[in-house]
Structures are given as structure tokens and as C-alpha cells.
1. If packing is taken as the mean number of other Cβ atoms within 10 Å per residue, what is the order of B:30-41, B:251-262, highest first?
2. How do the peptides A:196-206, A:145-155, A:40-50 rank, highest first, by the average count of neighbouring beta carbon atoms within 10 Å per residue?
3. Please give the per residue volume of the convex hull enclosing the alpha carbon atoms of the stretch A:55-194, rounded to a whole number of Å³.
4. Using only alpha carbon pairs under 8 Å that are at least six residues apart, calculate the relative contact order of chain B and give it in whole percent.
5. Highest mean first, what order results for B:270-282, A:72-84 on Cβ atoms within 10 Å?
6. Which ³J(HN,Hα) values, rounded to whole Hz and listed in residue order, are derived for the stretch A:156-166 from phi using the Karplus coefficients 6.51, -1.76 and 1.60 in 6.51 cos²θ - 1.76 cosθ + 1.60 with θ = phi - 60°, glycine and proline given as x?
7. With label points built 7 Å along Cα→Cβ from the Cα atoms of A:A14 and A:H48, find their separation and express it in nm.
8. Counting only other chains, and only Cβ atoms inside 10 Å, what mean value do you get across the residues of A:69-80?
Amino acid sequence: MRPGRIGVHAFLMAVSLAFLAPLLLAVYASLRPYDETSEHGYFSLPRHLSLDYYRQAFSDSGMTKYFVNTMIIAVPGVLVTLFLASFVAFALARLKMRGGLVLLMLFTAGNLLPQQVIVTPLYVVFNRIPLPYWMSDSMTMYDSYWAVVAVQIGFQLGFCVFVLANFMRTLPQEILEAAIVDGAGVWTQYWRITLPLCRPALAALGTLQFTWMYNDFLWALVFISDGDKLPITSALNNLRGQFFTDYNLLAAGSVIVALPTLVVFLLLQRHFIAGLTLGSSKG
Amino acid sequence: MSFIPARRTGRRVARRFTGRDLAVLGVLLGIPVLLDVAIVWGPTLASVVLSFTGWDGIGDIKWVGTQNYRNLFTNYPQFWPAARHNLLWLAFLGLVAAPFGLLLAVLIDRGVRFSRFYQSTLYMPVVLSLAVVGFIAQLVFSRDQGALNAVIGDTGSPTDWLGDPDLNIWMVLLAAAWRHTGYVMILYLAGLKAVDPSLKEAAAIDGAGEAQTFFRIVLPTLRPVNVIVGVITVIESLRAFDIVYAVNHGRNGLELLSVLVTDNIIGEASRIGFGSAIAVVLLAVSLGFVATYLVQELRGERNR
């Protein structure tokens with residue numbers, strides 16, 4: 001090994017450890033009683049280690065309920081976004097329709113706007129859209145899952161259309177032309193012919209979108225007022241209010257919140273990274 | 001506005017759609033377009049309109065012309081600090097975090113051993129929510145028990161990293177950069193894989209040094225990635241919200257434009273017109289960058 005190589009390794013190792021350290025610190029803090037850390041600091045040797053805080057986070061603050069809320073939002077969110085975006089991308093990239101580029105720009109640019117620009121009018125409008133009781137116990141779109149799901153879908157459509165259209169352009173057009181000669185309609189061309197070829201891109205986007213919707217903080221904060229309906233990421237903020245003094249309990253809460261995305265990432269690493277890079281490097 | 005003409009070359013395939021095709025197209029294109037207009041573009045326009053009114057969200061909508069903007073620029077003490085913080089955010093992510101991500105990508109791309117481990121570790125913060133990052137920042141930077149003060153042995157008069165309004169923005173920026181670096185690195189790693197190795201070989205044969213090859217050959221071919229990284233950096237800096245909100249609700253040195261918008265529209269005194277004016281300032285800045293980006297994309301599209 002040349003000395004240069006050793007230098008590179010030392011550098012990368014140091015940076016990696018620095019990147020991991022805050023996460024490990026959070027895990028470490030969550031395993032220790034608060035009295036101990038408040039006396040000796042977070043950076044001290046442990047006297048007691050236990051999983052008590054995890055049990056407490058689940059039992060006292062109802063983390064399970066918040067996880068369910070997240071799923072109510074993220075699962076339909078991801079599925080509907082992928083379905084609608086894949087059809088738009090199909091129409092733009094495969095049917096070569098007139099005005100397709102304008103549509104693509106409309107969607108792509110929409111995804112790049114700052115969220116705060118659309119928050120105010122949506123807040124006002126959602127407060128005025130009545131929903132029947134079986135759909136929302138607040139009787140309006142505001143303070144219901146519908147509002148958050150709709151915003152997630154509307155906002156993420158742009159990114160998915162952009163990525164999927166780029167991907168579909170790399171598929172051979174001949175397959176589609178053969179199908180058209182055989183008399184396949186638009187739906188068949190989309191559902192039976194194009195979509196199966198997009199499986200890798202859909203898996204990548206699905207992974208990425210799930211992570212984003214799971215991690216979202218702002219939409220739920222603005223559009224949901226009832227603390228019991230909050231998704232897990234926003235609920236963490238409430239937990240802070242309730243257990244303000246006990247940082248170690250909060251550390252346990254943070255680890256619980258972070259765990260699903262970390263697991264998804266480690267299991268589906270390739271998909272996750274593919275999703276991020278599909279849109280950026282033009283093949 | 002010009003449309004790209006349908007492809008004229010080659011045999012013309014019969015392109016007439018049947019009635020059923022048109023129905024499918026109408027519904028499945030119509031729904032997403034409607035959603036996009038209703039959720040994104042309509043509200044954006046509405047924000048612009050509302051920014052010229054003095055509205056509290058309940059009573060009548062009153063036109064006040066540019067008064068909100070005048071108040072914002074001259075009479076709202078939080079505005080300029082918030083704008084400065086957003087700029088600082090942009091500068092820090094763009095000039096520190098992004099180049100650092102590029103450096104890491106270049107080092108890893110050279111095929112060192114354990115590169116999988118390095119990659120995974122460095123990406124990892126990207127999947128954490130900013131709310132969690134904000135909380136972890138508190139564990140590290142808190143004054144009395146924080147790990148940072150313990151490491152540097154600052155026990156006599158400990159520094160209040162997140163409480164001191166002159167310091168806390170830098171600490172929060174470090175936390176934001178923790179995530180941004182990994183994100184940028186992924187994008188550059190993908191870009192570097194696509195660089196044609198024969199280009200580098202040719203440069204080496206011509207006697208170019210490593211640095212020369214990188215700046216003259218590799219970096220220019222990474223242009224599409226550079227553009228994406230630039231856009232993401234701008235967008236992230238303007239959208240920044242979660243971390244500061246998780247740390248202290250964006251007060252006491254951590255003001256950001258996004259926080260001011262949120263503060264003005266939710267809560268007791270909702271000043272929708274005024275909040276919209278702040279949002280429009282954000283919009284104007286980001287649209288400048290988005291338009292530049294789209295023009296680039298459009299050119300690429302034409303050349304396909």
C-alpha cells in the first residue's frame with residue numbers, strides 16, 4: 001500500500017466515524033437513565049444500561065398509534081403517486097404527444113417550489129372543504145388524513161413524473177410499435193407493456209418516496225391539529241412537549257422514529273440510491 | 001410557447017386513438033394535471049394574489065396593494081435576519097457541504113477497499129428525517145450535558161452552542177450539512193461511474209496530472225450532475241425548516257423565511273396576507289433558479 005492510499009483510508013475512516021458518531025450517541029443516550037447523564041454528561045461511562053426508555057416510549061406516548069397514522073398516509077400516498085405519475089410519464093415519453101414538454105415542465109417545476117408558498121392557500125381552502133363524518137371527524141378536509149395524503153401526492157407527482165419519463169425514454173420504442181400494430185389500446189400499452197419494464201425504476205422510486213413521506217414534518221404540522229392523528233415524525237415534536245425534561249426518553253423516541261427508514265435503507269440500499277440518481281444522470 | 005412536433009421521421013404509425021383510448025387518456029392525464037394545478041400551481045398563484053391583501057383568514061379580503069411588502073422590508077425586524085440566514089444556509093451548503101460531498105465521491109470512486117462501508121455510512125444521515133437530525137443536534141450541542149462540551153473539556157464555563165444566538169446558526173448548519181454531504185456524494189458517485197474511462201486514460205497519456213485530469217476532463221463531463229446539485233442546494237436552502245423548528249421553533253438566532261411564513265399563518269393571529277408576502281419573496285428567488293434549470297433541461301430534451 002502506498003502512503004497516499006493509507007492517507008485516503010485514514011481520512012475516509014475519520015469522516016465515516018464522525019458521521020456515525022451522532023447516531024451512536026443517540027442510541028447510547030437512550031439506553032441510560034436520565035439522572036445518570038444529567039450528572040455525568042452524555043459522554044461518560046455507563047453505570048446502568050436498559051431498554052426501559054423504549055418500553056416507556058411505546059407504552060406512555062402511544063408510538064404504535066402514530067406509526068399507524070404514518071402508514072395511513074404513506075401507503076396510499078406512495079401507491080397513488082406512482083400510479084398517476086407512471087401514466088403521465090408514459091403519455092409524455094411513449095406516446096410523444098403534442099405539448100408533452102410543457103406538461104413535463106409543469107410537473108417538474110411544481111416539485112421544486114418551496115413548500116411554504118403553497119401552505120397558506122391550502123390551509124385556507126382545506127378549512128372550507130366539507131367532508132362527511134365518515135371521511136373526517138373534523139367534518140372538513142383540514143385536520144384529516146385526506147388533506148395530508150392529497151398534498152403528498154400532488155407535491156411528489158412532479159418528481160416521479162420527471163424520473164419515470166427519463167427512464168421510459170431509455171426503453172426501446174419498437175416494443176410499443178409492435179403492440180400498436182397488433183391493435184393494443186393505450187391502456188394495454190401502458191399497463192401490460194410499459195409498466196412491467198419499469199419495475200426497477202418503480203421499486204427505486206417507491207423506496208425513496210416512502211422514506212420522504214415517512215420523514216415529512218411540515219404538512220402534518222400545518223394541516224393536522226388533533227395530536228392523535230399526527231404521523232410519527234411530527235408526533236416526535238409533541239413528545240418533546242410532554243417529556244421536555246427527559247432527553248433520554250426523547251433519544252429513545254428518535255431512535256424509534258429513525259429505525260424504519262434506516263432498516264429500509266440498509267435492506268433496499270440499491271433501490272434507494274437508484275431512486276436518487278435515476279433522475280440526475282441522464283443515460 | 002412552442003410545442004415539440006410529433007416525430008416525423010420514419011414510417012408513420014397509425015396514431016389515431018379510439019374512443020376508449022381517449023377516455024383513458026382523458027381520465028388518467030386529467031386527474032394528475034388537476035391535482036398538480038389544485039395542490040401546487042393554484043395555491044402558488046393564490047399566494048401571490050393574497051400577498052397584496054390584508055387578510056386574517058376570516059373576515060373580508062381587503063386590498064392593500066404593496067403595503068405588506070413595504071412593511072416586510074422596513075418594519076418587520078425578523079425579516080432581514082431570516083433572509084441572511086437563508087443566504088448563509090445556501091452559501092454553507094453550496095461552498096462547504098457540496099464540495100465536500102464531491103471530494104468524498106472522488107475518493108471512494110477510485111476504488112479503495114471497504115468502499116461499500118464508507119458509502120453506506122456516509123449516506124446514512126440522508127434517510128433520517130430532519131426532525132430527528134434536529135433532536136440529535138441537541139444531544140451533541142446541549143450546554144450542560146452535551147457531548148461536544150464533554151469532548152473539548154469545556155466544563156468551567158460551558159458554551160451554549162444552541163442557545164447563543166451568534167453561534168447556534170452555525171451548529172444547525174453543521175447538522176444540515178451532515179445530511180446534505182451524503183446526498184451530494186450519492187449523486188456525484190453515480191455521475192462519476194458514467195464518466196468514460198478512456199477519456200481519463202487519454203489525458204494520462206498526454207501527460208496530465210491527477211488534479212489536471214480532474215478539473216479539465218472529469219468535472220466538465222459531470223456538468224449535468226453539477227446542475228442538479230446546484231438546484232438541490234438552492235431548493236434545500238430556501239426550504240430549510242425542520243431542523244430549526246425541531247431545535248427551538250426557529251427563534252432566538254435561528255430565524256428563517258420559512259419559519260416566518262409558518263408563524264404568520266398558523267396560530268392565533270393569522271396574518272395570511274403578510275405571510276403570503278414572505279412566501280412570495282421565497283417563490284421569486286427560487287423561481288429564478290428553477291427557470292434557469294428548466295431552460296437547461298429543455299435544451300437537453302431538444303438534443304435527444
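The values are calculated or read from the model by the stated rules, or taken from the named source; none is laboratory data. Note that the coordinates shown come from a computational prediction; the quantities given were computed from them, not determined experimentally. Here Cβ is always computed from backbone atoms with ideal geometry, including for glycine, and neighbour counts include all displayed protein chains. Only protein heavy atoms, including side chains, enter the accessible area calculation; ligands, DNA and RNA are left aside. Shrake-Rupley method; radii C 1.70, N 1.55, O 1.52, S 1.80 Å.
1. Details: B:30-41: 18.2, B:251-262: 22.7.
So the order, starting with the most tightly packed, is B:251-262, B:30-41.
2. Those peptides, ordered most packed to least, come out A:145-155, A:196-206, A:40-50.
3. Numbers: hull volume 24.4 nm³, N = 140.
It comes to 174 Å³ per residue, whole-number rounded.
4. Relative contact order comes out at 27 percent.
5. Packing order, densest peptide first, comes out as B:270-282, A:72-84.
6. 7, 3, x, 4, 5, 4, 4, 5, 5, 5, 4
7. For A:A14 paired with A:H48, the spin-label model returns 3.9 nm.
8. Per residue, the average neighbour count from other chains is 0.
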